[in-house]
Amino acid sequence: MNNRAADVLVVDDDPDMVAIIRIMLDDSGYQVRCARNGKEALESVAERMPAVVLLDMLMPVMDGWQCARELRARYGRRVPIVVVTAAEHAGARAEQVGCDDVLAKPFEMAELLRIVARYAPRNESGSASTRSQ
Amino acid sequence: MARGETWPIARPASERRLAFVVAFAFLIVGSLWVLFTDVLLYAVTHDRAVIARFETAKGWTFVGLTALLLFAITMRAATQLTRATRTTSAVLDSIGDGVLLLGSDRTIAHANPAAVRMLQAENRDALRGMGAPEFSRRYQVSYPDGHLVPPDQFVSQRVFDEDGPIRYKALLYPRKDTELVISCTAAAVRSANGGPADVVVSVMHDITATERMDRLRDELFTGTAHALKTPISVIKSASQVLSAGAPPDLLKSTTLIERQCVRIERLVENLLALSRIRSGTLQLHPACVELGPIIEDVVNQARRISNTHNVLFRQAADVRIRADRERLVMMLRNVTDAAARASRPGRPVTVRLDRRGDEAEIAVAFYPDSAHHSAETSQSDYEFDDLGVGRYVTATIVEAHGGTLTEEADDTATTIRIRLPLLVESPS
């Protein structure tokens with residue numbers, strides 16, 4: 001673990017959703033990157049490995065399910081994926097494509113921070129830090 | 001029915017009786033004629049030659065009169081029969097529903113034009129003689145859930161052996177890219193009560209357009225409910241961000257926003273579930289779950305949201321059941337919300353978890369507000385607060401888990417009880 005702020009990749013085509021997640025995570029000391037679809041997410045991960053990916057499912061160009069499969073195929077379990085979805089029974093399907101967690105919309109702020117902290121723990125100074133790789 | 005076709009039906013008993021009556025009447029009248037004319041002849045003359053001549057003339061007269069009578073009767077019967085046949089044929093041909101007549105050999109004996117059109121057959125001859133197995137291969141008859149209907153389970157086949165009429169909804173595929181949804185009813189015509197069917201009438205009502213509209217409505221319902229979840233999430237999260245470190249006045253407003261978001265969220269969840277129930281696509285993903293922590297989470301959330309009630313949880317036993325966690329949470333939220341809404345402000349709502357024999361019991365007790373006791377007030381409140389939908393969805397989920405939902409009330413308190421089968425632990 002080092003003191004660099006943990007990097008969270010938020011993948012969602014809804015700019016308001018991205019904005020509010022960014023505000024919540026920024027306030028908790030995370031560094032937030034955004035992608036508007038699965039294709040952009042793959043490019044972003046290739047550029048720099050995030051501590052965790054928050055992945056929406058219904059998106060244009062490349063949806064979340066396909067993106068999750070691609071991420072698993074390319075990087076194995078090295079990149080934690082949290083599915084953020086309004087779909088029913090997303091847990092069962094998320095398990096099929098090897099995602100690590102599910103955050104059901106609409107979610108509580110505390111729930112979001114708890115799940116992100118599970119994969120990008122906060123250091124003693126209160127700011128989020130990257131995991132030792 | 002085309003001219004020259006015959007109905008595949010045996011002669012009913014009433015016709016036999018009529019024929020017997022006519023034959024008997026003829027026998028009596030004929031005998032009386034012979035007797036009366038003989039007596040008259042022998043009263044007039046005793047000359048054998050004259051008698052012989054008159055006997056011959058009498059015989060010929062009888063034959064002539066009989067021929068005239070037979071002609072009149074046959075002509076009249078044939079005319080009536082032809083008229084009845086043409087009337088029936090016209091009725092069959094003009095109705096919009098497809099009608100198939102099956103003979104005692106259980107194959108199609110006749111199809112009306114609507115049936116030929118619905119089944120996209122070249123003509124009625126292409127259907128005539130077709131049995132259930134061939135019909136099944138040709139039209140891929142299936143239930144609405146997609147499972148094929150075995151040929152011996154077609155209503156038109158079952159009704160040969162069962163009392164009718166029998167009805168079901170089925171899907172047919174006259175062409176690869178054409179789906180036909182029909183409501184099919186079949187009834188048997190039997191000469192004798194309980195006897196074998198002489199003919200089966202199968203009526204196919206085309207409900208493809210109605211079904212398509214229903215499906216579109218459900219899809220719109222589902223799509224809208226899904227689409228609403230993201231804006232609710234954004235509003236709720238923004239309110240939570242604002243409430244962090246907010247002064248009391250602002251905190252009141254953000255709490256209000258959040259509470260209303262939760263109400264919309266519940267409404268959307270229930271409408272989505274209702275849509276699934278209506279379309280028969282409500283799926284359960286059961287797994288082994290510990291009930292205590294799930295109820296505790298729901299109660300904690302209800303306590304945080306409610307500004308007028310203290311929601312309490314009492315766990316009398318550790319309980320594990322096999323259930324769909326997502327649906328279970330929805331059901332518990334619905335019951336807790338309903339209790340809090342109907343409860344007198346300031347009085348507690350208590351959720352108690354216990355075992356009752358081989359069942360888990362979740363009892364939600366509350367003190368009803370007197371305003372909710374009046375039927376009119378209660379009904380309007382149900383509509384306003386979506387309690388009707390929530391209650392229906394809850395009851396359906398409980399039932400789908402093999403449980404029961406009951407409500408009992410005394411002078412002061414009301415208790416909603418949900419009982420669910422306990423998980424049967426296999427011996428390790």
note = Which residues qualify? For B:L312, with a placed amide H closer than 5 Å and at least 5 residues away or on another chain, they are B:V349, B:T350, B:V351
task = In nm, give the distance between the simple-model label positions of B:R259 and B:A126, each being 7 Å from the Cα along the Cα-to-Cβ direction.
result = 6.7 nm
Whole-Å distance, taken between Cα centres, linking the stretch B:37-67 and the stretch B:252-268 = 110 Å
task = Give the relative contact order (percent, whole number) for chain B; include only Cα pairs under 8 Å separated by 6+ residues.
result = 9 percent
query = Across every pair of different alpha-carbon atoms, what Kirkwood hydrodynamic radius in Å does the protein assembly as shown reach?
reply = 30.9 Å
key: q = 0.27 Å⁻¹, the stretch B:182-224: log10 I(q)/I(0) [Debye, one scatterer per Cα]   = -0.87
key: Sites B:R314 and A:A92 - FRET efficiency at Förster radius 30 Å, r taken between beta-carbons, to 0.05   = 0.40
ask   = Residue-wise, which Karplus ³J(HN,Hα) couplings in Hz belong to the stretch B:240-246, taking 6.51 cos²θ - 1.76 cosθ + 1.60, θ = phi - 60°, and x for glycine or proline?
value = 5, 5, 5, 6, 5, x, 7
ask   = Got a sec? Charge dipole of chain B, +1 on Cβ for Lys and Arg, -1 for Asp and Glu; which of B:Y168, B:T404, B:T61 is way out at the positive end?
value = B:T61
message = Let me understand chain B better: what is its radius of gyration from the alpha carbons, and its Dmax, in angstrom?
response = 37.8, 141
Only Lys, Arg (+1) and Asp, Glu (-1) charged, at Cβ; the stretch B:213-282 dipole about Cα centre in debye = 100 debye
inquiry  = Give me, ordered by chain and number, the residues 5 or more places off B:R190 or on other chains with an amide H under 5 Å from its own placed amide H.
reply    = B:D198
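Within 10 Å of each Cβ of B:54-65, how many other protein chain Cβ atoms are there on average? Don't jump to the answer; show the numbers that get you there.
Working: counts 0, 0, 0, 0, 0, 0, 0, 0, 0, 0, 0, 0.
Taking all residues of B:54-65 together, the mean is 0.
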remark   = The ³J(HN,Hα) series, computed from each phi in the stretch B:97-108 with the Karplus coefficients 6.51, -1.76 and 1.60 at θ = phi - 60°, rounded to the nearest Hz and given as x for glycine or proline, is 7, x, 10, 10, 10, 10, x, 5, 7, 6, 10, 6
query = For the stretch B:98-206, what are the per-bin percents of Cα-Cα distances with bins 10 Å wide, up to the bin holding the maximum?
reply = 16, 52, 27, 4, 0
Net length gained if the chain between B:V424 and B:Y42 were fully extended (0.36 nm per residue, minus Cα distance) = 127.2 nm
message = Residue by residue through the stretch B:340-356, what is 3J(HN,Hα) from phi via Karplus (6.51 cos²θ - 1.76 cosθ + 1.60, θ = phi - 60°)? Round to whole Hz and write x for glycine and proline.
response = 5, 5, 8, 7, 5, x, x, 8, x, 10, 10, 9, 10, 10, 8, 9, 9
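None of the figures in this text is laboratory data; all of them are computed from the coordinates on show. Everything numeric here is computed off the predicted structure, so don't read it as measured data. FYI the Cβ positions are ideal-geometry reconstructions off the backbone, even for glycines, and counts take in every protein chain you see.
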